[in-house]
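> Sharing a structure with you now.
A short reminder: the numbers here are calculations on the coordinates, not readings from a lab. Bear in mind the structure is a predicted one, so any value in this text is a computation, not a measurement. Virtual Cβ from ideal backbone geometry, glycine too; neighbours counted across all protein chains shown.
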Amino acid sequence: MGQSVTEESNEGVDGTVHKASDMQEFIFEVPLYQKTTLKNPQDFSRTLRNEANPFDAFCPHCNNESIFERSGPHYGGTHGNGRYDLNYKCRRNSDHSVLAFVLKSNDTFTKIGQFPSLADIAQKDAAPLVKQLSKTDRHEFSKAIGLAAHGVGIGSFVYLRRVFERLLDRRFELHKDQVDAEQYRRSKVVDKIDMLQDYLPKFLVEHKTIYGILSVGVHELSEEACRSAFPLMKESIEIILEEDLRLRKEEERRKALSTAINKLNADISASRTRK
Ligand SMILES: [Zn+2]
């Protein structure tokens, strides 16, 4: 107790230092205990001075995007090193708060507590998409988000990659008559994407590299590199899943309409023959 804030006690989970673009990223995306520098350290001082430094972020109380700004006095610190208790309020409703407890040591910042948790915020943000997914996808996509929010980078990549692979397999099962199934099964993922390209979400076909990045992440990248890349990878998978859902709904609609038109046509032909 009473320990001063030293470089050592401010170490990140694996000793690495994360670089956050701004306070929005620091408060809403960087996990706890991750030693972080801000690209613009003035951001923190401006936050403490309560200057209008608002940013957009997902409000877990509104369940919607909102504007946040720091509110009220900060406790426990001066503008120097020490502990700061920050309260960010949603502009839609001043009862909506996101609290963050931060240790400052020279140019590095470490969140040592947060409420609601980053995992809760991220899960709520992804909820509208997640509830439309299959049970396995729902479970594994949520797991990726939860792991990333707890600072687990490589593990979160594993689950995103599994969601990606399952989407590809689903598309293959639906369209295996349109491709050489034997060749497909023997092919590398990037070639599988080429073979199925007419039936896949456009974003996936245009960014085949996503699968490569996820794989390199699983096998070669550091925890920190995966953590930093996670928001970009998550958003890419979200776009792909959303496009896939739209595609599936459209295919189902076309199929249903096609069946209905054929039936109507057959009924009309039958009644004309009877006349
Ligand atoms: Zn709100």
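> Which order, highest average first, do 192-201, 257-266, 141-150 follow once you tally other Cβ atoms within 10 Å for each residue and take the mean per peptide? It would help to have the intermediate numbers written out before the result.
Numbers: 192-201: 17.6, 257-266: 10.0, 141-150: 21.5.
Ranked from most to least packed, the peptides come out as 141-150, 192-201, 257-266.
> Another one. Positive end of the charge dipole of segment 8-116 (Lys, Arg +1 and Asp, Glu -1 on Cβ, about the Cα centre): tell me which of ALA52, HIS18, GLY113 has its Cα farthest that way.
So the residue we want is ALA52.
> According to the Kirkwood expression over distinct Cα-Cα pairs, how big is the hydrodynamic radius of the chain, in Å? Numbers along the way, then the final one.
Numbers: mean 1/r = 0.0465 Å⁻¹.
Radius from the Kirkwood sum: 21.5 Å.
> Can you work out the base-10 log of I(q)/I(0) for segment 118-165 at q = 0.20, 0.24, 0.26, 0.28 1/Å, using the Debye formula on its C-alpha atoms alone?
-0.58, -0.82, -0.94, -1.04
> Let me see the pair-distance distribution of segment 121-260: every alpha carbon pair, 5 Å bin width, integer percents in order.
Taking every Cα pair in segment 121-260, the percentages come to 2, 10, 19, 21, 19, 15, 8, 4, 2, 1, 0.
> Just the ratio, please: alpha-carbon radius of gyration of segment 8-116 over 2.2 N^0.38 Å, N its number of residues. Write out the running numbers ahead of the final one.
Working: Rg = 13.1 Å, N = 109, 2.2 N^0.38 = 13.1 Å.
My calculation over the Cα atoms of segment 8-116 gives 1.00.
> What number of lysine-lysine pairs in segment 34-136 show an alpha-carbon separation below 22 angstrom, given a sequence spacing of 8 or more or placement on distinct chains?
9
> Less than 12 Å apart at the alpha-carbon level, and either on another chain or at least 8 residues along: which aspartates and glutamates does that give for LYS192?
Cross-link targets: GLU165, ASP169, ASP180, GLU182.
> I need the phi-derived Karplus couplings for segment 193-201: 6.51 cos²θ - 1.76 cosθ + 1.60, θ = phi - 60°, integer Hz, Gly and Pro marked x.
Karplus values, whole Hz, x for Gly and Pro: 4, 4, 5, 9, 4, 6, 10, 10, x.
> Same structure again: Starting from the amide H of LYS35, placed 1.01 Å from N in the peptide plane, find each other amide H under 5 Å away whose residue is 5 or more places distant or on another chain.
GLY12, VAL13, HIS18
> Shifting gears a bit: Translational D (Stokes-Einstein, µm²/s) of segment 52-180 at 25 °C and 0.890 mPa s when Rh comes from the Kirkwood sum over C-alpha pairs?
Values: Rh = 17.3 Å.
It diffuses with D of about 142 µm²/s by this estimate.
> Something else about it: Treating cross-link reach as a plain straight distance, find the lysines whose alpha-carbon is under 24 Å from the alpha-carbon of LYS263, omitting any fewer than eight places away in the same chain.
Candidates past the 8-residue exclusion: LYS249, LYS255, LYS275.
> Charges only on Cβ, +1 for Lys and Arg, -1 for Asp and Glu: so what's the dipole of the chain about the Cα centre, in debye to the nearest 20? Show your work: numbers first, answer last.
Values: 41 positive and 41 negative charges, 278 e Å.
Dipole of the chain, to the nearest 20 debye: 1340 debye.
> On a straight-distance basis, which lysines could pair with LYS188 in a cross-link, Cα separation under 25 angstrom, same-chain partners fewer than 8 positions away excluded?
Qualifying lysines at Cα under 25 Å: LYS176, LYS202, LYS208, LYS234.
> Still on this structure, I have one more. Please give the calculated 222 nm ellipticity per residue for the chain, where each DSSP H segment of at least 4 residues contributes -39500 (n - 2.57) and the sum is spread over every residue; nearest 500 deg cm²/dmol? Kindly include the intermediate steps, with their values, before the conclusion.
Numbers: 10 runs with 145 residues, N = 275.
Calculated mean residue ellipticity at 222 nm is -17000 deg cm²/dmol.
> Can I ask one more? Which distance in Å, rounded to a whole number, links the C-alpha centroids of segment 18-56 and segment 80-158?
About 14 Å separates the Cα centre of segment 18-56 from the one of segment 80-158.
> Rounded to whole Hz and in sequence order, give me ³J(HN,Hα) for segment 176-189 from the Karplus expression 6.51 cos²θ - 1.76 cosθ + 1.60, θ = phi - 60°, writing x for Gly and Pro.
In residue order, the calculated couplings are 5, 6, 8, 10, 6, 4, 5, 5, 4, 5, 8, 7, 6, 4 Hz.
> On to the next question. Using 5 Å bins from zero, what percent of all Cα-Cα pairs in segment 150-203 falls into each bin?
4, 18, 28, 20, 12, 8, 6, 3, 1
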